Amino acid sequence: MQDLGLLFQPNLETLYALKPDTIVITPQHALLKPALAQVAPLVTLPAHGLSAFISATQQLGIVLKREPQAAALIAGLSQRIIRARRLCARNCFQPVLFASPGWMRYTCGCIPPVSLPGDVLAACGMRNAWRASGGAEGNVLVELTVSPPSMPDRSCWSRRISVRR
């Protein structure tokens, strides 16, 4: 595996030396298009949302001459979504807040509805309780407010499984 540099700042000399047949980029690489196009033909794939993921998989299947494999991936995803939708129809009655621990103390990462994870959860039949917009990464970092301010110092707080220091 060759290190090509950063996602949006690739080492063009290294890339050129590799002589790729094709370079796959996303619309977020628009500023790099002129430089990358001098190295090899470009394929721009959509990057946001479930329908874009499916479209990108189909396009990659065509470009890489792997259409049956791409179709199998999409069919497998569809079957998993159908199974999850059946489970959710029996068990998911209220909107759910999808969150993960944040990288800073007293934060969490919430998954907004308009994102790849949000689209997948919606396709599975889950209703997202988060209504605000999100970042390009598919989540938004949210600061958690603890009230009263002295709560984190109390022993009952630190014994909670959901709290990490």
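The values are calculated or read from the model by the stated rules, or taken from the named source; none is laboratory data. The shown structure was predicted, so the numbers you read here are calculated from the model rather than taken from an experiment. Positions of Cβ are backbone-derived with ideal geometry, glycine not excepted, and every protein chain shown enters the neighbour counts.
The residue that is farthest from V140 (Cα to Cα), among those in the stretch 86-110 that are touching a Cys at 6+ places or on another chain (Cβ under 9 Å) and loosely packed, with under 15 Cβ neighbours inside 10 Å, is L87. Under the condition of being under 15 Å from the mean Cα position of the chain (by Cα) and assigned to a helix (DSSP H, G or I), the residues counted in the stretch 78-122 number 7. Just one of the numbered conditions (1) surrounded by 12 or more Cβ atoms within 10 Å (Cβ to Cβ); (2) at pLDDT 70 or above; (3) in a loop (DSSP other than H, G, I, E, B) is not true of L141: (3).
Flag: S55 does not match the condition of being in contact (Cβ under 8 Å) with a residue 60 or more places away in the chain and not charged (D, E, K, R).
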